[in-house]
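Reviewing the structure listed below.
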Amino acid sequence: MRHWIRQNRGFLVFMMLLGLFRTAVADWNPVPSGSMHPNILEGDVVLVNRLAYDLKLPLTDHIVMRLGEPQRGDIVTFTSPRDGVRLIKRIVALPGDRIAMQDKQLIINGERASYRATEAQADHAALDAPWQAELRVEQMAGEKHMIQWLTGALARDNFETLLVPEGQYLMLGDNRDNSADSRYIGLVPRHLLIGKAARVLVSVDILGLWLPRLERFGQALV
């Protein structure tokens, strides 16, 4: 065993440094679900900046230093407060915000979000969702992005006004009718944020013939 370690110590040091890099600086995460359609697709591998908000001790959730503040509209990876699973969603409400949902439409601090229809339709609602997709441009509090509603899908389309406590965030998937987000798992404390998803590194069409989607390589996430 000792002989094997001596022969492979360079490789072992490299793997250790790579592990530390991925847990403290930057990471890449494959996306297996369609909860962030139409902006992130199944088969995308996204680059996650772990230094966007906090410097943490490697392999822990212990925050050493705050480096930035999460913003509304950021796409983030985080550990689910419900079951510890790693998820990727969008920050919709910040600490101190009052937020409600009425018939799918968000109301933040008394201002109702607008939803502009687009002519384009999604090719797939999601891997595990057979419903027809309706694309909208959601604009709220100076931030806008694409979201998706699914005709005929059952989802939590309403919730009463909620004051987001200090140090917590409300997350929603862009695929609003097929996403296990804060409507189901609750608010997400800051220390469970892993990092900000910056762009798609590579992408493979797992819904088709597993061919690379070259047009998505390097695409920025907004």
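For Leu187 and Thr151, the FRET efficiency from 1/(1 + (r/R0)^6), where r spans their Cβ atoms and R0 equals 35 Å, is about 0.75.
Fully extending the segment from Glu69 to Asn158 would add 29.2 nm, taking 0.36 nm per residue of separation and subtracting the current Cα-Cα distance. Highest mean first, the peptides 64-70, 183-189, 132-138 sorted by other C-beta atoms within 10 Å per residue fall in the order 132-138, 183-189, 64-70. Here the extension length gained between Arg98 and Trp210 equals 36.0 nm, from 0.36 nm per residue of separation less the Cα-Cα distance. Each Lys or Arg adds one and each Asp or Glu takes one away; over the other residues whose Cβ falls under 13 Å from the Cβ of Asp54, this sums to +3. Modelled this way, with points 7 Å down the Cα-to-C-beta line, the labels at Glu111 and His62 are 4.1 nm from one another.
Other residues with beta-carbon under 10 Å from the beta-carbon of Leu106 carry, at +1 per Lys or Arg and -1 per Asp or Glu, a net charge of +1.
Between Val45 and Arg82, the modelled label-to-label distance comes to 2.9 nm, taking each label 7 Å out from Cα in the direction of the beta carbon. With K and R counted +1 and D and E -1, the other residues having a Cβ less than 12 Å from that of Asp157 yield a net charge of +2.
One decimal place: the segment Gln219-Gln139 gains 26.7 nm when fully extended, by the rule 0.36 nm per residue minus the C-alpha distance.
We did not get these values from a lab; they are worked out from the coordinates using the rules stated. Just so it is clear, the structure is predicted and the values come from calculations on it, not from any experiment. Cβ sites come from the backbone with ideal geometry, for glycine too, and all protein chains shown count toward neighbours.
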